[in-house]
Amino acid sequence: MYCGSCLRDNALATELLQMGHEVTLLPIYTPTLTDEANVSRRRVFFGGLSVYLQQLYPVFRKTPWIIDRIWDSRLALRVLSELSIKTDPRQLGALTLSMLHGEKGFQKKELLKLVEWLKQESLPDIINLPNSLLIGLAEPLGTILQRPICCTLQGEDLFLDGLSEPYRSKAIGLIREKVRFVDGFTPVSNYCSGYMQNLLGITEEKMHPIPLGIKVEDYGKNRLARSDIFRVGFLSRITPEKGLHVLCQAYQRLKANRALSATRLEVAGYLSRDHRAYLNQIKRQMHEWGLGSEFQYHGTLDRQAKIRFLENLDVLSVPSIYAEQKGLPILEAMASGVPVVQPRRGSFTEMLDKTSGGILTDPMQENSLEDGLYSIYKNENLARKLGQNGRLGVKKYYSVSHMARATLQVYSIIRERTVS
């Protein structure tokens, strides 16, 4: 899939490189997959197969590094990714704890590989871990390389909440223990900052929120005026927590209770094998409501197809049933001039408060999402105004250049702090 974290990190690295800075973006577990030119290194560290094998079988913790190259190859890891293999949650929990133990975990050999590689390169001024699930690397990397450690926070709470007990509590406990080895954290939203500060016991002085950033100029170039068909869009992973079923229910009520002309519900996003049954159930329900012909799933879209998809929408809604910390598709829709209708929770609230690019609804009121969508449908002037606001707001607050400049500022603060 096109991972939101990979998209964000790759976009940031690309912009910093274009600004003349030296950036080394290292893939962890599997090769990164982005919808822009990928600037990450080809070598993958902590290869997914190696990590898994070392967790299950002690013999793989001692195999020669040259042999490990077989299952660390990009081909092997690509096949692994495409298989969407189900993993026993109990084993997943144990693996998470082992990674959080860092040099004391079963994957110590992988840490040594990373350290040896880094020693052969020009040492960086700062090391940025992509999320707190890799915080087990903070102490050994900081100690061995004598460089400040930064850690991005970008929605790993959803993964932690998916762990069964006692793994969830133990994982959070381990992260809290290792917070002291990180010199600064960069949450991707103010909501993320507050939530993760409480969850992980991070002091406020270590928190430096850096909003997401996208290449605004790439979006909305060929946006058309509203056609005879009103198109409601959904762009995100196809999983229950992203709320596609909630949007479908609101769409059904909209059709049943309001006098609407021709409409469509356009859906796109990554679908894993685990969630095919979820999408099939939605399709069956839409057919039972007599709306099957109005529902279309477009699959996983590359960058150009995604931009075209957004340009053809009249409104976008991703009514996540949890407090989202990122919300990248919301920014992409607004950058395209498409108004959004989002529940008042998580990062959505601050995004729309800043940009005025959509309508916030009450997630506790059943008809609130329906009312928001209908407001866009019945009032073209409102829709146009929100679309304009959104595009200007994203350009002002959520551009990739803004994200890069804010990142450099935070890096400077962290370096000055650690040197002094």
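The values are calculated or read from the model by the stated rules, or taken from the named source; none is laboratory data. Please read all numbers here as calculations on a predicted model, not as lab measurements. Neighbour counts are summed over all protein chains in view; Cβ atoms, including those assigned to glycine, are modelled from backbone coordinates with ideal geometry.
Odds and ends about this structure:
- Close pairs (8 angstrom Cβ cut-off, 6 or more residues apart or separate chains): under 16 Å from Leu212 (Cβ atoms) in the stretch 148-160, among the aliphatic types (A, V, I, L, M) and in a strand (DSSP E or B) anywhere: Thr152/Leu129
- Residues (within 14 Å of Ala335 (Cα to Cα), among the aromatic types (Phe, Trp, Tyr) and part of a helix (DSSP H, G or I)) located in the stretch 380-411: Tyr397
- Tally of residues being under 23 Å from Gln249 (Cα atoms), without any contact (Cβ under 8 Å) to a residue 60 or more places away in the chain and part of a helix (DSSP H, G or I) across the stretch 353-372: 3
- For Leu247, the test of being touching a residue at least 40 places away in the same chain (Cβ under 8 Å) and either touching a strand residue (DSSP E or B) at 6+ places or on another chain (Cβ under 8 Å) or not assigned by TED's automatic domain parsing to the domain that holds Pro343 (or both) is passed.
- The listed residue being in the same structural domain as Gly390 (by TED's automatic domain parsing), under 23 Å from Glu380 (Cβ atoms), at pLDDT below 95 and exposed (fewer than 15 other Cβ atoms within 10 Å of the Cβ), out of Ser261, Ser272: Ser261
- Screening the stretch 304-344 for residues that are basic (Lys, Arg) and under 15 Å from Arg237 (Cα atoms) and picking the one that is modelled with the highest pLDDT gives Lys306.
- Test for Ser227: is it among the polar types (S, T, N, Q) and in contact with a Gly (Cβ under 9 Å, 6 or more places away or on another chain): no
- From the list Leu53, Leu33, Leu75, Leu49, the lone residue that is of a type in the set (A, V, I, L, M), outside any helix (DSSP H, G or I) and not assigned by TED's automatic domain parsing to the domain that holds Leu137 is Leu33.
- Wholly within the stretch 151-207, helices (runs of 4 or more DSSP H) carrying at least 2 residues that are farther than 21 Å from Gly105 by Cβ and of a type in the set (A, V, I, L, M): 190-200
- Within the stretch 87-129, the set of residues being of a type in the set (Phe, Trp, Tyr) and modelled with pLDDT under 95 comprises Trp117 only.
- Yes/no for Ala11 being at pLDDT 90 or above and assigned by TED's automatic domain parsing to the domain that holds Tyr411: yes
- Qualifying residue in the stretch 285-299 (condition: closer than 20 Å to Asn379 by Cα and aliphatic (A, V, I, L, M)): no
- Residue under evaluation Gly357, criteria (1) within 30 Å of Asp125 (Cα to Cα); (2) out of contact with any Ser or Thr (no Cβ under 7 Å at 6 or more places or on another chain); (3) not aliphatic (A, V, I, L, M), criterion not met: (1)
- Any hit, the stretch 204-222, residues being closer than 21 Å to Thr361 by Cβ and in contact with a Ser or Thr (Cβ under 9 Å, 6 or more places away or on another chain): no
- Which numbered condition Leu369 fails, given (1) out of contact with any Leu (no Cβ under 8 Å at 6 or more places or on another chain); (2) over 19 Å from Ser189 (Cβ atoms); (3) among the aliphatic types (A, V, I, L, M): (1)
- The set of residues from the stretch 45-70 being under 21 Å from the mean Cα position of the chain (by Cα) and at pLDDT below 90 comprises Gly47, Gly48.
- Matching residues in the stretch 208-234 - criterion: being assigned to a loop (DSSP other than H, G, I, E, B), among the small types (Gly, Ala, Ser) and buried (at least 16 other Cβ atoms within 10 Å of the Cβ): Gly213, Gly220
- The listed residue being of a type in the set (Ser, Thr, Tyr), touching a residue at least 60 places away in the same chain (Cβ under 8 Å) and farther than 18 Å from Lys242 by Cα, out of Ser375, Ser336: Ser336
- Of everything in the stretch 379-391 that is of a type in the set (D, E, K, R) and touching a residue at least 24 places away in the same chain (Cβ under 8 Å), the residue that is surrounded by the most Cβ atoms within 10 Å (Cβ to Cβ) is Arg391.
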